Structure formats: C-alpha cells, structure tokens
Amino acid sequence: MEPADDRREAESRPWDRLSSWLECVCVVTFDLELGQAIELVYPPGVKLTEKEKSSLCYLSFPDSYSGCIGDTCFSFRMRQSVGRRRRRRPTDEAYDRDAPAALQMEASHFYGYVYFRQVKDASVKRGYFQKSLVILSRLPFVRLFHAVLSAIAPNFFAEAEPCLQTACRQIDGWPSPAAGLIADLPLMGAVLRVRIPSRNDKPGSPSPASAEEEVEEEVANASPSPTPTALPSVHQPDLFRCFRSLLIHTQMLWELVLLGEPVAVVAPSPAVSSETVLALVSSIAPLKFCCDFRPYFTVHDSEFREFTTKTQAPPSVILGVTNPFFVKTFHNWPHVLRLGESAEASGEDVPKQLKIKKVAKLKTLDGKAGVFTAYKSFLLKDKVLVKRVLKGIQRRRPPEVQSAILRRHFLELTQSFIIPLERYMASLMPLQRSVTPWKTPPQIRPFSQDDFVSSLERGGPRLTSALRGDWTGLYRKFFKSPNFDGWYRHRHGEMTRKLESLHLEAVCEADLPAWTRDKSEVEIVDLVVKLREKVSKARRRQLQVREDLLAKLRSWIETIVGSLPKDLQEVLETQ
C-alpha cells in the first residue's frame with residue numbers, strides 16, 4: 001500500500017482485538033524547542049487529551065540524572081483524564097470476571113511500557129539521538145509488553161511508521177485476552193508463547209507456558225515455524241534482581257505493602273525504579289494492591305504537589321523516582337528506599353544488604369543507599385529464607401530459581417494472612433437453605449473486627465505459617481488500610497452475586513404456574529415484570545446460573561403471559 005492508503009486503512013479499521021490488548025503505540029522524541037514531544041500515535045484514530053499527552057511525554061524519558069545511554073526499558077502508570085472512560089466490550093467484561101483480581105484491566109489508569117534509546121549522533125545539535133517507543137495499555141502485563149517492544153524496536157528505529165503499522169496489524173490478529181488463554185502470538189517474524197493467568201489457577205503452580213506438552217496440545221494448529229519463545233510469565237517482575245540488596249528486609253517490606261504505607265523508592269534509573277515498585281506491589285499477590293502506585297514518577301507530573309505536600313501526611317502510594325530533588329521532599333515520608341547500583345553493576349558476588357537508617361539522615365547530597373524508616377515489624381524476620389537465598393548466590397543458583405523461592409515465600413506469607421479472613425468472611429454468608437423463591441435474598445452478616453480477632457485463637461495464621469509475632473496487631477492495622485477496604489468490597493460483591501444466583505436458581509426451579517392460579521391479574525403482571533428484570537439483571541451482572549434453568553424460567557414466563565387477556569399481553573410486550 002501507499003502511505004496515504006495505509007493511513008486511510010488504519011483510520012477506518014475497527015482495531016477491536018488490538019484495542020483489547022493496548023490503547024495505542026506512541027513515539028516520543030526530544031525536540032530542541034519543545035523538549036519531549038509526541039511524534040506519532042498509532043492507530044491514528046486514537047485520541048489522547050492534552051493532559052494525557054503531557055504526562056506521557058515526561059514519563060517516557062529518563063530524567064537527566066539517570067544517565068541512560070543505549071537502550072533502556074521501563075514502565076510507568078498514569079492517571080486517565082476524568083470523564084474519558086471507554087466503552088467496555090463483552091470480552092473485557094469476561095476477562096475481568098475470570099482473571100485474578102490483581103490482573104484485571106485498569107479502569108482509571110494507563111500502564112506505559114517504554115523502550116528508550118539514547119545514542120551519540122553527530123548529526124543532531126545536542127549530539128544525541130533520543131527517542132522512546134511507548135505502549136499504552138490497561139493491562140498490567142509488564143513482561144509481555146516489554147517482550148513486544150523488544151520485538152518491534154529493532155525494526156522501528158530503522159523503518160519508523162511502516163514498522164508500527166505491520167506490528168499493529170499483527171496484534172489485531174491475536175485472540176482477545178482471556179483468563180487461562182494459552183496462545184502463540186506472531187509478531188515481527190517471531191512468535192511469543194504465553195499463558196494468561198486465571199482466577200481458578202492453583203496459587204503457586206508453575207505456568208503452563210513452560211510445560212511444553214500442555215502448550216503444544218493447546219496450540220497444535222499454530223505454525224511450526226519460527227520456533228516460539230515461551231514467556232515464563234506475562235506479568236511477574238524479577239523478584240531476585242529487585243530484592244538482592246533488601247533480602248534481610250523482605251518481611252518488613254511485605255508488611256509495608258500489605259498495610260498500604262507510603263513508600264518512596266529512590267533509584268539510579270527508571271528501569272530499577274519501575275521494576276522495584278512493581279516487585280513491591282506483586283509481593284502481596286494474590287491479594288490486590290488497592291492503593292496508588294507509580295513505577296516511575298517525575299517532578300513534571302500533574303500530581304506532583306498531591307504526592308509531595310508537606311502540610312499533611314503522604315497518601316497511600318508507592319512512588320518510584322530517580323531525580324535527587326525528590327529527596328528534599330521526602331523528609332516527611334515515613335519509609336524511603338534509596339537504592340544504589342545493582343550487585344552485578346558493582347561487580348559484587350554477594351550483595352551488601354542495605355541498612356536501616358533514620359529518615360532524618362536522608363540528605364540530598366549524601367547518595368548512600370539505605371532503608372530510611374522507623375517502622376517496627378509486627379512479625380519476626382524469616383532468617384531461614386535469607387540464608388537460603390544468600391547461599392544460593394554463593395552457589396550460583398540460577399536467578400529464576402532464586403526469584404521462584406522469593407515468590408513462593410511471599411505467596412505463603414500472604415496466604416497465611418488471608419486464609420483466616422476468607423474463612424471468617426465465608427461464615428457471614430447465609431445458609432443456602434435460607435434462600436427461597438418467594439422472599440428477597442437474605443443479607444450477608446456484617447464484618448465484625450472483634451469477632452474476627454476472637455476467631456484467630458482457633459484458626460489463625462499460626463496454623464499455616466512458622467513466622468511468629470503480633471499477628472493480631474498486624475490485622476488491626478490492616479483493617480485501616482485501603483487494601484482491606486478493597487478486599488472486603490471485592491469479596492462482598494462476589495458473595496452478593498452468589499446469593500443473587502442462588503435466589504434466581506430457586507425461582508427457576510419453583511412451580512410458578514401453580515403459584516399464579518389463585519392470584520389476581522395485577523399480581524401476575526407484577527410478577528412477570530419482576531422476573532424479566534431479574535433475568536435481565538443476571539445477564540448484565542453475568543451471574544453464574546445454569547442456562548437450562550434460565551431457559552426453563554423464560555418458558556414459564558411465556559406460558560404465564562399467554563394465559564393473560566390480550567390487553568395485558570400487549571401491555572407486557574411494550575415493557
């Protein structure tokens with residue numbers, strides 16, 4: 001196609017499946033007069049507000065203190081403009097229903113995945129070529145989208161827009177994201193083999209993407225050439241790389257994230273900043289982190305004052321920064337991680353573990369790394385874990401195995417914490433036998449913090465965790481956090497939908513024609529209206545009700561309507 005034909009085809013194309021994966025691909029360049037500026041947005045029909053464009057430009061470039069030469073990959077998360085939420089597709093609803101809570105689509109934020117290149121170029125006035133290729137998406141698939149950028153970037157920096165056109169057409173041919181999906185995704189002459197997690201997955205089980213036999217069975221019709229590159233995960237960060245120098249503090253960091261405490265991560269580069277923030281957020285999985293988090297944040301962000309005000313306590317946010325200027329603003333922050341070079345960059349075999357320091361010692365010119373906090377952990381340190389990982393470093397255990405050890409530790413810790421909450425929450429659910437077709441569904445009993453704490457004596461975390469400490473104090477603090485509020489709302493919503501499903505099933509199985517025999521026509525019409533609304537609501541809320549029961553109910557409604565006088569039938573038909 002000619003370039004003009006390509007653009008017309010791109011503007012008229014619906015891009016339905018592409019937009020299920022990503023919002024758009026942007027190119028941000030450095031302009032001598034304007035600074036960072038958007039050079040290209042693809043597909044061309046995508047509209048970003050001026051505020052979103054400004055945030056995108058600043059977040060897509062490392063600041064001047066980072067000194068990133070060559071190619072750098074990092075991530076950011078930015079707030080979407082108010083009143084600009086897009087129409088959700090049925091595939092989006094189905095994905096969110098079946099995906100783990102922590103991997104559901106963002107409703108009010110964009111994730112940005114950046115491939116930044118800075119190389120010397122004598123033909124440019126500043127002496128450097130500086131450009132970023134950026135994917136905006138509502139999906140938290142950091143490893144998948146960085147793999148996508150790595151596949152596109154080599155061709156993009158040679159061919160520019162034609163490369164993006166080809167890549168977007170190929171992504172538009174991918175199946176829509178679905179929980180449990182196993183697929184080979186063709187892209188720029190390569191094939192990415194992925195599996196998207198499902199909420200039904202057994203926690204801690206290995207991803208089937210690495211089990212060749214299972215994947216081969218699922219993608220038997222895929223082209224055998226080229227050989228697919230299997231991604232071990234679409235979303236999990238490298239925990240070992242992030243926590244190498246923080247191993248003795250993993251317990252404390254997990255608690256800070258769980259409790260929604262304000263944490264600032266001051267890092268030498270956007271790559272270290274973003275990966276560390278994402279690693280912290282993922283440490284409480286499968287529990288969803290319900291506070292704000294910004295893997296990479298700049299002084300130019302529109303929310304700078306909101307996050308760095310000195311007149312009130314910092315909000316519940318994990319903030320990743322690279323500009324030393326931020327250190328001045330963090331004197332009133334309770335928890336600051338100041339990271340230095342990685343062990344690999346400094347040539348160390350066994351990394352020095354960062355020391356706990358007082359926040360008052362956090363100085364702008366003193367660039368020494370450390371954990372600046374006065375926080376006292378509720379639980380004791382897991383010394384066995386620290387020894388095991390440090391011994392693994394000495395024995396040169398593969399990094400992916402080290403990460404798996406850390407991930408298993410965090411998972412078991414979170415599960416030990418959340419299982420008593422889940423058990424107590426389940427006890428608040430009304431008995432199924434109390435659900436009858438002729439009464440409104442019974443109410444879920446209220447959550448009592450004191451009753452829950454009392455239940456810990458019989459079935460607390462001590463049954464599943466070897467860690468000792470003040471578990472009760474940790475729960476009490478957790479109840480005040482946004483993470484508890486988010487978890488409770490999510491679980492209460494699930495239980496409410498379950499009650500509605502049980503009630504609808506009871507209605508479907510009731511003998512409705514017999515009930516109507518001694519009822520007035522007004523009562524029958526009212527019943528039909530309510531039943532239709534109930535079926536419609538079940539469809540909207542995607543309640544899990546057997547289709548044969550719904551078909552039975554619809555048949556009975558038609559039978560009841562058919563028994564009414566013609567004038568009432570006409571009234572019901574218009575509603």
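The values are calculated or read from the model by the stated rules, or taken from the named source; none is laboratory data. In this text the structure is predicted, and so the values were computed from the model without any measurement. Reconstructed Cβ throughout: ideal geometry from the backbone, glycine too, with neighbour counts over all protein chains shown. Note: areas computed on protein heavy atoms with side chains; ligands, DNA, RNA excluded. Shrake-Rupley method; radii C 1.70, N 1.55, O 1.52, S 1.80 Å.
Any chance you could count how many residues in the range 506-522 are open to solvent by 60 Å² or more (accessible area, probe 1.4 Å) and more than 15 Å from LYS439 (Cα to Cα)?
Total satisfying the criteria: 4.
Within the range 399-417, does at least one residue satisfy the condition of being free of Cβ contacts under 8 Å to residues at least 12 places away in the same chain and in a helix (DSSP H, G or I)?
yes
Just to verify a result, which residue in the range 65-95, among those that are in a helix (DSSP H, G or I) and surrounded by fewer than 17 Cβ atoms within 10 Å (Cβ to Cβ), is modelled with the lowest pLDDT?
PRO90
Could you tell me how many of the residues in the range 315-332 are part of a loop (DSSP other than H, G, I, E, B) and out of contact with any helix residue (DSSP H, G or I) (no Cβ under 7 Å at 6 or more places or on another chain)? Break it down into steps so the answer makes sense when it comes.
Taking the range 315-332 as the starting set, the residues that turn out to be part of a loop (DSSP other than H, G, I, E, B) are 315-316, 322-324.
Cutting the leftovers down to out of contact with any helix residue (DSSP H, G or I) (no Cβ under 7 Å at 6 or more places or on another chain) gives us 323-324.
Going through the range 315-332 one residue at a time, the tally reaches 2.
Scan the range 488-507 and report the pairs whose first residue is of a type in the set (Phe, Trp, Tyr) and whose second residue is open to solvent by 30 Å² or more (accessible area, probe 1.4 Å), with Cβ atoms within less than 8 Å and a gap of 6+ or a chain change.
Listed pairs, sorted by first residue: TYR488/PHE447.
Name the residue, out of VAL281, VAL299, that is farther than 28 Å from ASN200 by Cβ and out of contact with any Ser or Thr (no Cβ under 6 Å at 6 or more places or on another chain).
From the options VAL281, VAL299, the qualifying one is VAL299.
Could you grab me the full set of residues in the range 463-487 that are open to solvent by 80 Å² or more (accessible area, probe 1.4 Å) and either of a type in the set (Ser, Thr, Tyr) or touching a helix residue (DSSP H, G or I) at 6+ places or on another chain (Cβ under 7 Å) (or both)? Lay out the reasoning, then the answer.
In the first step, residues of the range 463-487 are kept if they are open to solvent by 80 Å² or more (accessible area, probe 1.4 Å); the result is 463-464, 466, 468, 476, 480.
Across the range 463-487, the qualifying residue is only THR464.
The rows are residues; the columns are (1) out of contact with any Phe, Trp or Tyr (no Cβ under 7 Å at 6 or more places or on another chain); (2) modelled with pLDDT of 80 or more; (3) buried (at least 16 other Cβ atoms within 10 Å of the Cβ).
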site	(1), (2), (3)
ARG489	yes, yes, no
HIS492	yes, yes, no
THR496	yes, yes, no
LEU499	yes, yes, yes
LEU504	yes, yes, yes
LEU531	yes, yes, yes
SER563	yes, no, no
LEU568	yes, no, yes
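Give the residue, chosen from SER205, SER225, that is open to solvent by 40 Å² or more (accessible area, probe 1.4 Å), at pLDDT below 95 and closer than 30 Å to LYS387 by Cβ.
So the residue among SER205, SER225 that is open to solvent by 40 Å² or more (accessible area, probe 1.4 Å), at pLDDT below 95 and closer than 30 Å to LYS387 by Cβ is SER205.
Provide a single number: the residues in the range 425-444 that are open to solvent by 60 Å² or more (accessible area, probe 1.4 Å) and assigned to a loop (DSSP other than H, G, I, E, B).
5
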